[in-house]
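Everything on this sheet refers to the single structure shown next.
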Amino acid sequence: MKPLLSKIPFSSDSSFLYKKLECDYFNDPWHFHKEFELVMINRSSGTRFIGDNVSSFKEGDLTFIGSNIPHMLRNNEEFHRRKGKSGASAIYIHFTKDFLGKHYFEIPEMKLVNRLLQRSSLALDIHGKTKKYTTAKLQDMFEQDPTRRLLSLLEILIQLSQSNEMRPLLSTGYSANTIGDTERINNVFEFIMDKYTEQIYVQEIASKLNMSVAAFSRYFKHRTRRTFSDYVTEIRIGHACRLLMENNCSISEVSYQSGFDNLSNFYRHFKKIVGIIPKEYRDRFLKVSA
């Protein structure tokens, strides 16, 4: 599944795109675009795929995604069963680095914002007071004219650039902008996304890339700072966490649906990565959500 290059439609009266999306469910394909993306989930839940990150998303989540990073949102089965009762909603902002002029973000006053744009190459999850401030700004922008929206966007970028309430979602070794290597590493992540709930063999992906297993293993660890096996395990455990929160399947069924063929291995990896056993994880979630 190769990520599709998306063309963002801009209106004639604005240099960037502000969009409030209302739909039955999120259905964009695995895609990328040159524009930076700030996205806030108003309503919906499911799984998000951003670069090499696979995690759950929920109402209120706020993310800043850098240029050319493949991504998509997928609603879970429970959400689809409730189709028509609530729907999905999000606010998006898309802009290019030169939307205010080729060198605008290189002037001294924009030094921190320029650094923010560089940091967004690892995709940033936004939290705390920064999230609250930005969310309010994004909501207010719906009623604003294009000029006021531009000022609001600059205020948001300045606030984000000064915040320490953001964490990167992608692994340090992941870069959507690595010249000459983007397609190859994306092919690896796409392969994992397609296969992580099944038996997955490093020999197969190494062969697809015309590499030996040893060469591929070195390449993957250099790019992600993790072994191929560890990376796949982390994605499977993330999927298991979502299943534990979303349905009443038995622990053994969750293990099987997440790609583990051995229940004891599932428990061992889950405890190592999450810190608690699956039953305790589900019990904590049910207690908080009750």
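Overview of values
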{"quantity": "Filter result for the condition that a residue is at pLDDT 85 or above, more than 21 Å from the chain's Cα centre (by Cα) and surrounded by fewer than 16 Cβ atoms within 10 Å (Cβ to Cβ), over Ser252, Ser289", "calculated": "Ser252"}
{"quantity": "Filter result for Ile235 (among the hydrophobic types (A, V, I, L, M, F, W, C), in contact (Cβ under 8 Å) with a residue 24 or more places away in the chain and touching a strand residue (DSSP E or B) at 6+ places or on another chain (Cβ under 7 Å))", "calculated": "yes"}
{"quantity": "Criterion violated by Leu154 - all others in (1) among the aliphatic types (A, V, I, L, M); (2) more than 20 Å from the chain's Cα centre (by Cα); (3) more than 27 Å from Glu22 (Cβ to Cβ); (4) at pLDDT 95 or above satisfied", "calculated": "(3)"}
{"quantity": "Strands (runs of 3 or more DSSP E) enclosed by the stretch 30-77 - at least 1 residues per element that are free of Cβ contacts under 8 Å to residues at least 40 places away in the same chain and over 9 Å from the mean Cα position of the chain (by Cα)", "calculated": "46-50"}
{"quantity": "Residue list for the stretch 205-232, filter: in contact with a helix residue (DSSP H, G or I) (Cβ under 8 Å, 6 or more places away or on another chain), more than 22 Å from Ser55 (Cα to Cα) and of a type outside the set (A, V, I, L, M)", "calculated": "Lys208, Ser212, Phe216, Ser217"}
{"quantity": "Options Arg74, Arg82, Arg48; residue that is in the same structural domain as Phe16 (by TED's automatic domain parsing), out of contact with any strand residue (DSSP E or B) (no Cβ under 9 Å at 6 or more places or on another chain) and modelled with pLDDT under 90", "calculated": "Arg82"}
{"quantity": "Residues of the stretch 94-117 that turn out to be closer than 17 Å to Lys34 by Cα and either hydrophobic (A, V, I, L, M, F, W, C) or touching a strand residue (DSSP E or B) at 6+ places or on another chain (Cβ under 9 Å) (or both), as a count", "calculated": "9"}
{"quantity": "Search result, residues across the stretch 251-266 that are free of Cβ contacts under 8 Å to residues at least 40 places away in the same chain and either farther than 12 Å from Thr233 by Cα or among the acidic types (Asp, Glu) (or both)", "calculated": "Ile251, Ser252, Glu253, Val254, Tyr256, Asn262, Leu263, Ser264"}
{"quantity": "Boolean, Tyr219 is assigned to a helix (DSSP H, G or I), closer than 15 Å to Ile273 by Cβ and of a type in the set (Ser, Thr, Tyr)", "calculated": "no"}
{"quantity": "Considering residues of the stretch 257-286 that are under 11 Å from Met245 (Cα atoms) and not aliphatic (A, V, I, L, M) only, the residue modelled with the lowest pLDDT", "calculated": "Phe285"}
{"quantity": "Cβ pairs under 6 Å, 6+ apart, first in the stretch 199-228 and farther than 28 Å from Ser255 by Cβ, second surrounded by 17 or more Cβ atoms within 10 Å (Cβ to Cβ)", "calculated": "Arg223/Ile185"}
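This table checks each residue for (1) of a type in the set (D, E, K, R); (2) outside the structural domain of Ile69 (by TED's automatic domain parsing); (3) within 20 Å of Trp30 (Cα to Cα).
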{"position": "Val188", "(1), (2), (3)": "no, yes, yes"}
{"position": "Thr197", "(1), (2), (3)": "no, yes, yes"}
{"position": "Ile205", "(1), (2), (3)": "no, yes, yes"}
{"position": "Phe220", "(1), (2), (3)": "no, yes, no"}
{"position": "Arg223", "(1), (2), (3)": "yes, yes, no"}
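The values are calculated or read from the model by the stated rules, or taken from the named source; none is laboratory data. Keep in mind that what you see is a predicted model, and the values were worked out from it rather than measured. Using ideal geometry, Cβ is built from the backbone for each residue, glycine included, and neighbour counts are taken over all protein chains shown.
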